[in-house]
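See below for the structure under consideration.
Every read-out reported here was derived from the displayed coordinates using simple, explicitly stated rules and does not represent laboratory data. Here the structure is a predicted model, which is why all the values come from computation and not from measurement. Don't worry about glycine lacking a Cβ; one is built from the backbone with ideal geometry, like all the others, and counts go over all protein chains shown.
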Amino acid sequence: MYVVELQFECFDNTTVSAVDKAINGLMDALRYNGQVLGREFPIVMGDGEFFVRVVCPEQDSLHPRYHSDFVKV
């Protein structure tokens, strides 16, 4: 298993709740696709950036070739 930190940048004026919803939607899609493990993904907010630490089963689990259509949306 591998611990990976994902970084998300905000390029538009948005709300924290909108960012939270978008990140959680992506994390759910990755989890259902088997690319990340676990059910809870704490989001850390920085200066215009958001970070999520996840556990992946393989080193290349997040490679786009494994993305389902649901993840790509």
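Ordering Y32, S17, L6 by Cα displacement along the dipole of the chain toward the positive end leaves Y32 in first place; charges were set at the Cβ atoms of Lys, Arg (+1) and Asp, Glu (-1). Couplings for the stretch 8-15, taken from phi via the Karplus curve 6.51 cos²θ - 1.76 cosθ + 1.60 with θ = phi - 60°, read 10, 10, 9, 9, 10, 5, 8, 9 Hz in order; Gly and Pro are left as x.
Rounded to the nearest whole Hz, the Karplus-based 3J(HN,Hα) values (6.51 cos²θ - 1.76 cosθ + 1.60, θ = phi - 60°) of the stretch 50-62 follow the sequence 10, 10, 9, 9, 10, 10, 10, x, 9, 4, 9, 4, 8, with x at glycine and proline.
When Rg and Dmax are taken over the Cα atoms of the chain, they come to 12.3, 36 Å.
Magnitude of the Cβ-charge dipole of the chain, K/R +1 and D/E -1, about the Cα centre, nearest 20 debye? Approximately 280 debye in magnitude.
I need the GluC sites (Glu not before Pro) found in the stretch 18-73, filtered to DSSP loop residues with at most 16 other beta carbons within 10 Å of theirs. The qualifying sites are E40, E58.
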